[in-house]
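The values are calculated or read from the model by the stated rules, or taken from the named source; none is laboratory data. Computed from a prediction, not measured in an experiment: that's the story for all the values here. Here the Cβ positions follow ideal geometry from the backbone for every residue, glycine too, while neighbour counts run over all protein chains shown. These area figures cover heavy atoms from the full protein model, side chains too; ligands, DNA and RNA do not enter into them. Shrake-Rupley method; radii C 1.70, N 1.55, O 1.52, S 1.80 Å.
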Amino acid sequence: MKKRILVSGGAGYIGSHVTVELIAAGYDVVVADNMSNCDRSCFDGVRQITGRSELPFVEMDFCDAAAVERLFSRYKIDAVIHFAAFKAVGESVAEPIKYYRNNLLSFLNVLEAARNHGGCNVLFSSSATVYGEADKLPVTEQSPRLPATSPYGNTKQICEDMLRDAIAADPSIRGIALRYFNPIGAHPSVLIGELPRGVPNNLVPFITQTAIGKRACLSIFGNDYPTPDGTCLRDYIDIVDLAQAHVCAVTRMVEGRMKEGYEIFNVGTGRPVSVAELVTEFEKVNGLKLNYKFADRRPGDVVAIWADTSRANEELGWKAKRTLAETLASAWAWEKHLAEQ
Ligand code: UDP
């Protein structure tokens, strides 16, 4: 019997890539999304890549407890991967209540349904933001979580704690939190990728939109940081590599190979790259010149963060494979594909 995975927020940037990899690995998938921050075209892209025109899709809001309950009654779910959440740091500062309501309530409903249906494997989509400005780099999963600097970051910490506590109280629930570093790039088919609404907050979509002429100029936020070239250091992870980490984590859960009821893994490359380096690499790989300028630091940015990936490498048997060059080429191919639409 094939195992069935529920992907909440499965029409979004990460969820769509994860769905593709789950299907490639032989899982049955049910995608559910309220379509609040994605485009129907991404789900169509998933169907096209996988050749599964009948791939189940449920349009629903995970804040609706009765709807989540109905979903768990309708399908026998072996594991749920929870992506359904808001993710814009700045917006979360301006609208904290909206963020707490959506991100906490949706996950609470998932945990409640898991408990009501005799337990479940739960994979939570967390973030390296929980480490804040770490004292020691690279960060391991044991590195302290620092007080969150935004409501968005706080929701990630609270959801991790909700999962940990639910598991401690009920052994029929097991869970993994994956802490993502900076996911970038697009599927090589260019049928799915990131679709930021409005002006992108993230670096790579801003770069590709500048290169295509949608934005006049990229601002590099800060060049006086205590780093080799003065710009911030991050760990940019290819979206397909990141998606494959989910397959490894889900498989570990459904095959009963977890060593503890609740486990945490960093999902990054282990390689720090500065903003200036990323821009230069993008120009080189794609043979173009980017219009950019140095600007003030962006409030709330940490100076540097990258992952110690040993635990994911050893325990999940997963390692990021794609080079930064390949990933930046895929990001540019995706932007050009969008321009042709
Ligand atoms: N960044 C930048 N210009 C932009 C967007 C981002 O210089 O238009 C920098 C940002 O200051 C940070 C890095 O790029 O150092 C990654 O930012 P992003 O928002 O993509 O991810 P974060 O690490 O903040 O989650």
Kindly provide the helix-only [θ] at 222 nm of the chain, computed as the sum of -39,500 (n - 2.57) over DSSP H runs of four or more divided by all residues, to the nearest 500 deg cm²/dmol? -12500 deg cm²/dmol
About its Cα centre, what dipole magnitude does the stretch 217-341 give when the only charges are +1 on Lys and Arg Cβ and -1 on Asp and Glu Cβ, stated in debye to the nearest 20? 100 debye
Starting with the highest mean, order 241-250, 44-53 by the number of other Cβ atoms within 10 Å, averaged over the residues of each peptide. 241-250, 44-53
How much length, in nm to one decimal, is gained on full extension between A24 and T140, taken as 0.36 nm per residue of separation minus their Cα-Cα distance? 38.8 nm
Rounded, prolate or oblate: which one fits the stretch 266-341, using the alpha carbon gyration tensor with axes a ≥ b ≥ c (rounded when a/c is under 1.5, else prolate when a/b beats b/c, else oblate)? oblate
Express the accessible area of the chain per residue in Å², computed with a 1.4 Å probe while the remaining protein chains stay in the model. 43 Å²
Mind pulling the angle between the C-alpha long axis of helix 275-286 and the longest principal axis of the chain? Nearest 10 degrees, somewhere in 0 to 90. 90 degrees
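Pull out the extension gain between D229 and E283, defined as 0.36 nm times the separation in residues minus the alpha carbon to alpha carbon distance; nm, one decimal. All intermediate terms of the calculation are to be shown ahead of the outcome.
Details: separation 54, 0.36 × 54 = 19.44 nm, distance 1.74 nm.
Full-extension gain reported as 17.7 nm.
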Determine the percent antiparallel among the DSSP beta bridges restricted to the chain, to the nearest 5. 5 percent
Using amide H atoms built in the peptide plane, which far-off residues or other-chain residues are under 5 Å from I173 H to H? C120
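So, with a 1.4 angstrom probe, what is the percent of accessible area on the stretch 39-94 that is carbon and sulfur? It would help to have the intermediate numbers written out before the result.
Details: 1400 of 2790 Å².
Solvent-exposed carbon and sulfur of the stretch 39-94 make up 50 percent of the total.
In whole percent, what relative contact order does the chain give with Cα contacts below 8 Å and a gap of six or more residues? Kindly include the intermediate steps, with their values, before the conclusion.
Values: 672 pairs, mean separation 64.4, N = 341.
It comes to 19 percent, rounded to a whole number.
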Can you compute the FRET efficiency between A94 and M1 using 1/(1 + (r/R0)^6), with r the Cβ-Cβ distance and R0 = 56 Å? Round to the nearest 0.05. 0.75
Relative to the chain, whose Cα atoms define the longest principal axis, helix 96-116 and its Cα axis are tilted in degrees, nearest 10, by 30 degrees
Sort 65-71, 210-216, 289-295 by packing, meaning the average of other beta carbons within 10 Å per residue, with the highest value first. 65-71, 210-216, 289-295
All lysines inside 21 Å of K87 as judged from Cα atoms, apart from same-chain residues fewer than 8 positions distant: K98, K156
